[in-house]
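Asks: Mind looking over this structure? Questions follow.
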Amino acid sequence: VKGRHLGCAPGAKLASAVVIEGGRVLARILGGMDWAIGQGVRILSMSLGVPGYEPAFEIVVEALRANGVLPVIAVGNDGPGAARSPGDYSHVLSVGAIDSGDRVASFSSSRRFARQDDPLVPDLIAPGVKVVSAVPSRAYASMSGTSMATPHVAGLAALLMEARPQATALQVETAILDSCALPPGVPPERGNRGVPDAVKALQLIESR
């Protein structure tokens, strides 16, 4: 609004779906994810999840990957020792929340699973405390949650794809993860790889 609020990737084209209102939430979320594939999106940013590990998302997440879509998903706001699906899956880019002091928010979920592939979620952390976001009635408000952190990472992925259109979802994901650094004082169990560095991620894509 009047130059005060600008998204992470202002040049990105959005395909938005409302999936958590109207009942039958799980079916609606799955339908929305499938719809996104049909829209030809390259990144799926999902600021939602269902409590615990829900296997129903497995097929559609595999379909996203098979179609070259990068799923960037909030890990949840249930604190340490918990996570939400599909943000707790090993094959999505799972996002937790930090505040302006690079401290992991108390609400930000994290959980270690008994699996060899990507046992710890979230994969990385991003700003998610007192973030200005759009709200109904064409207004803006400051909100907190891993739902606020997830679009920062999705926006970074969009900028990298804009800079290098031929890069695959896997290449972009790998560059983001390899650019991360854990802030001082943040335990790995809470922040995992840490905070991504946009400039370093671009340099990593260019060097590969």
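Asks: Gap in Å between the Cα centre of the stretch 174-205 and the Cα centre of the stretch 42-65?
Replies: Answer, in whole Å: 22.
Asks: Next question. Please work out the FRET efficiency for the pair Val199 and Thr174, using the Cβ-Cβ distance as r and a Förster radius of 22 Å; give the result to the nearest 0.05.
Replies: Efficiency, rounded to the nearest 0.05: 0.85.
Asks: Using packing as a proxy for protection, rank 146-153, 109-116, 125-132 so that the peptide with the highest average count of other Cβ atoms within 10 Å comes first.
Replies: Highest to lowest by the protection proxy: 146-153, 125-132, 109-116.
Asks: Expected output is a single nm value to one decimal: the length gained when fully extending between Ala27 and Arg138, i.e. 0.36 nm times separation in residues minus the C-alpha distance. What is it?
Replies: Computed gain between Ala27 and Arg138 is 37.1 nm.
Asks: Oh, and also: Over all alpha-carbon pairs in the chain, figure out the percentage whose distance exceeds 20 Å.
Replies: Across the chain, Cα pairs with separations above 20 Å total 55 percent.
Asks: Can you work out the accessible area per residue across the chain, with the rest of the protein chains kept in place, probe 1.4 Å, in square angstrom?
Replies: Details: 10660 Å² over 208 residues.
In whole numbers, the chain has 51 Å² accessible per residue.
Asks: Now for a separate question. Hey, if you drop one equal point scatterer on each alpha-carbon of the stretch 91-208 and run the Debye formula without solvent, what base-10 log of I(q)/I(0) do you get at q = 0.14, 0.16, 0.17, 0.23 Å⁻¹?
Replies: Treating every Cα as an identical point scatterer, log10 I(q)/I(0) equals -0.60, -0.76, -0.85, -1.26.
Asks: Please tell me the relative contact order of the chain in percent, rounded to the nearest whole number, where contacts are Cα pairs under 8 Å and at least six residues apart.
Replies: Value for the chain: 18 percent.
Asks: Tell me, what is the percent relative contact order of the stretch 101-208, built from C-alpha pairs under 8 Å that lie six or more residues apart? Intermediate values should be presented prior to the final figure.
Replies: Details: 147 pairs, mean separation 32.3, N = 108.
Result for the stretch 101-208 is 30 percent.
Asks: Net charge near Gly128, counting Lys/Arg +1 and Asp/Glu -1 over other residues with Cβ under 15 Å of its Cβ?
Replies: Cβ neighbours under 15 Å give a net charge of 0.
Asks: Tell me, what is the Rg over Rh of the stretch 80-155, with Rh the Kirkwood radius over Cα pairs?
Replies: 1.03
Asks: Now for a different question. When the accessible area of the stretch 107-208 is split by element with a 1.4 Å probe, what percent falls to carbon and sulfur?
Replies: After summing per-atom areas, the C and S share lands at 57 percent.
Asks: Which order do Tyr89, Tyr140 take by accessible area at a 1.4 Å probe, largest first?
Replies: Ranked from most to least accessible, the order is Tyr140, Tyr89.
The values are calculated or read from the model by the stated rules, or taken from the named source; none is laboratory data. As the structure is a prediction and not an experimental result, all values here were calculated from the model. For neighbour counting, all protein chains shown are included, and Cβ atoms are generated from backbone atoms with ideal geometry for every residue, glycine included. Remember, those area values only see protein heavy atoms, side chains included, never the ligands or the DNA or RNA. Shrake-Rupley method; radii C 1.70, N 1.55, O 1.52, S 1.80 Å.
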